[in-house]
Amino acid sequence: MGSIEAKKLAPHPIHIDLGHNMKNVLNTVILSMGLLAQPLAQAHAPSAHKNHHASSTAPAEQKDWGIAGDPKKVQRTIEIRMTDNMRFAPNQIQVKLGETVRLVAVNAGKVLHEIVIGTPQELKAHAEMMKKHPGMEHDEPYMAHVDPGKKGTIVWTFNRAGSFEFACLIPGHFEAGMIGRITVQ
């Protein structure tokens, strides 16, 4: 048997350019996907909501239970503890009509909690929506997500008399009774 000598052929220039261009395209696609995914991942991370509501520049919207307050006009600070036994402490708050209050929600638990102020009907409807869309983003001055071991703040002016509620609307928490009452008179 005779030996066959392999002849080394130079690659065709088009193949070189095509390979180089494909690598560039692939690298660009991968980099773009990573850059696009990062803000999305950060927007849905619990820490994305930390102090998010305090820096909102949207004009204040009057709600049935009041309006976003001016931090410079706070008359009283109330600390509310949130625990993994799905309770708030205190779970009842008395507020004077027209009073601007800083609510400091302290998450003493090991899971994410939130505090949302509203009417019983609004909170129930929002809790149902949260079940259908558990990752939904919040950007309202009357709510705050609070990571375990952290604090969240809401500054609110209670300019409407009545009975209102605050609740954790994370799926399962509201249903477990994580609800408090606010009386404004």
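The values are calculated or read from the model by the stated rules, or taken from the named source; none is laboratory data. Not measured: the values here are computed from a predicted model. Counting neighbours? That spans all protein chains shown, and the Cβs are built from the backbone with ideal geometry, glycine included.
Miscellaneous remarks
- Residues that are small (Gly, Ala, Ser) and under 17 Å from THR183 (Cβ atoms) within the range 102-130 comprise just one, GLY118.
- The C-beta contact set for the range 75-94 (first residue in contact (Cβ under 8 Å) with a residue 40 or more places away in the chain and in the same structural domain as ASN159 (by TED's automatic domain parsing), second residue surrounded by 12 or more Cβ atoms within 10 Å (Cβ to Cβ) and polar (S, T, N, Q), distance under 9 angstrom, 6+ apart or interchain) comprises ILE80/ASN91; MET82/ASN107; GLN92/THR183; ILE93/THR183; GLN94/THR183.
- Strands (runs of 3 or more DSSP E) wholly inside the range 92-185 that include at least 3 residues being not aliphatic (A, V, I, L, M): 99-107, 113-118, 151-158, 162-167, 179-184
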